[in-house]
Every structure is written in structure tokens, then in C-alpha cells.
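See below for the structure under consideration.
The values are calculated or read from the model by the stated rules, or taken from the named source; none is laboratory data. Source: prediction; values computed, not measured. Positions of Cβ are backbone-derived with ideal geometry, glycine not excepted, and every protein chain shown enters the neighbour counts.
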Amino acid sequence: MQNIFSTPRNSSMAIGEVYFWTATIYEWKKLLKPDQYKEIIIGSLNYLYQKNLIKVYGFTIMPNHMHMIWELLGKNGKELPNASFTKFTAHEIKIDLQNKHPNVLEHFYVNEKDRSHRIWQRDPLAVQLLSRSMVEQKLDYIHNNPLQPHWNLVKNPEDYYYSSAGFYLKGETKFPFLSHYLERF
């Protein structure tokens, strides 16, 4: 099996290109285990989709990271949608932690010039996908991620709610921001 990171990577993305993108919670903490934080992510993706700023071809939200296959369609004001996404979701999660779980928020304290807390690690992985076969390889990887022995979240990819596997394998339409990759490749 080919290593998913064997294609060239960088942390910057360009409008009009498709990327396999991985964002990780600071220090790999399992902050995304509660569904309420996954729902913040879903809400942000819906918002960016409704503003016609992104197309999402696949995703999975794991307890401490997420993978997406997406295309940035335009800037959100002065910033790319991926920056808006991480900024918004970090802010919303931080507010919830401040209000309901201040002891947990302490684990995300950082002494940085521009912030006191960090939710997402810096420099998410961005790998440009140049072909249909590359997209299919990454979709297979992200859909099977919840089945990995160290996660063991479900028995079948399509049974994991916070994933595009149900969209592809059962025709589910629970996430309006999803587009089929064959529309692009």
C-alpha cells in the first residue's frame, strides 16, 4: 500500500486546486471526541459551502484530528477558507471550553505572541491531489481511518457518522456541503 504522505506536501493551498488536508488538535489531544465539537466543524463547513467558498469531496472527523479532501473556491474576505475554518472552529471550541470546561482549556494554554491558547496545531498537512486515482486513494484512507485498531470506532466505514463514507457507500445526504469527487475528476 502506498504511503498517503508520499506525494509532495506543503502547508499553503491555492484556490481552484483539490487537496488532501489534515488538521490536528494541539499535541494530539482527543478534544474532538465529544460530538458537540464535531458539530462546530460541520457548521463551519456548511457556512463556507453556503458562501460558495469550498467544495468538500470527502472527510472524517476523528477524536484528535480530521482529514478532508476539498477545494478552495474563493477567499473569505482577505483570507483563504482553510484559515477561516481553523480560526472560527478554534474560537468556538475555546469559548465552549471557557464556559463549560475551564479545567480542560488549561491543557491548551500556550505562551505565544499572538495567542494564549492553541486548539489546532500549526501547519496542517496539505497534499495537492492531481488525479482521480490520488483522490480515490485518499478517500479510501479517510473512510477506513475510524476502523483502525487503535481507534476501533465502528465496524464498517459507512457506520461512522462524522465521515463522508455514508455519502459514497449508502447515498446518504446528511451533509449538504459534500460533492461527489467524480464531478471534478
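Within the stretch 112-161, the set of residues being of a type in the set (S, T, N, Q) and either out of contact with any Ser or Thr (no Cβ under 6 Å at 6 or more places or on another chain) or within 18 Å of Asp35 (Cα to Cα) (or both) comprises Ser116, Gln128, Ser131, Ser133, Gln137, Asn144, Asn145, Gln148, Asn152, Asn156.
A Cβ distance below 8 Å, combined with a sequence gap of six or more or placement on separate chains, defines the contacts here; from the stretch 42-71, residues that are over 19 Å from Gly16 (Cα atoms) and touching a residue at least 12 places away in the same chain (Cβ under 8 Å) reach residues that are assigned to a strand (DSSP E or B) and among the aromatic types (Phe, Trp, Tyr) in the pairs Met66/Phe59. Restricting attention to the stretch 125-153, the residues being in contact with a strand residue (DSSP E or B) (Cβ under 7 Å, 6 or more places away or on another chain) and either without any contact (Cβ under 8 Å) to a residue 12 or more places away in the chain or among the charged types (D, E, K, R) (or both) number 1. Inspection of the stretch 75-86 identifies no residue that is modelled with pLDDT of 95 or more, closer than 21 Å to Glu158 by Cα and either of a type in the set (Ser, Thr, Tyr) or touching a helix residue (DSSP H, G or I) at 6+ places or on another chain (Cβ under 6 Å) (or both). The set of residues from the stretch 104-121 being without any contact (Cβ under 8 Å) to a residue 60 or more places away in the chain and part of a loop (DSSP other than H, G, I, E, B) comprises Lys113, Asp114. Filtering the stretch 47-65 to residues that are over 23 Å from Tyr141 (Cα atoms) and either part of a helix (DSSP H, G or I) or β-branched (Val, Ile, Thr) (or both) leaves Tyr47, Leu48, Tyr49, Gln50. Take Glu79 and tell me if it is free of Cβ contacts under 8 Å to residues at least 12 places away in the same chain, within 25 Å of Leu169 (Cα to Cα) and out of contact with any Cys (no Cβ under 9 Å at 6 or more places or on another chain). So Glu79 fails the test. Inspection of the stretch 170-185 identifies no residue that is touching a His at 6+ places or on another chain (Cβ under 9 Å) and surrounded by 13 or more Cβ atoms within 10 Å (Cβ to Cβ).
Selection within the stretch 132-152: residues that are buried (at least 17 other Cβ atoms within 10 Å of the Cβ) and hydrophobic (A, V, I, L, M, F, W, C). The member of this set that is nearest to His67 (Cα to Cα) is Ile142.
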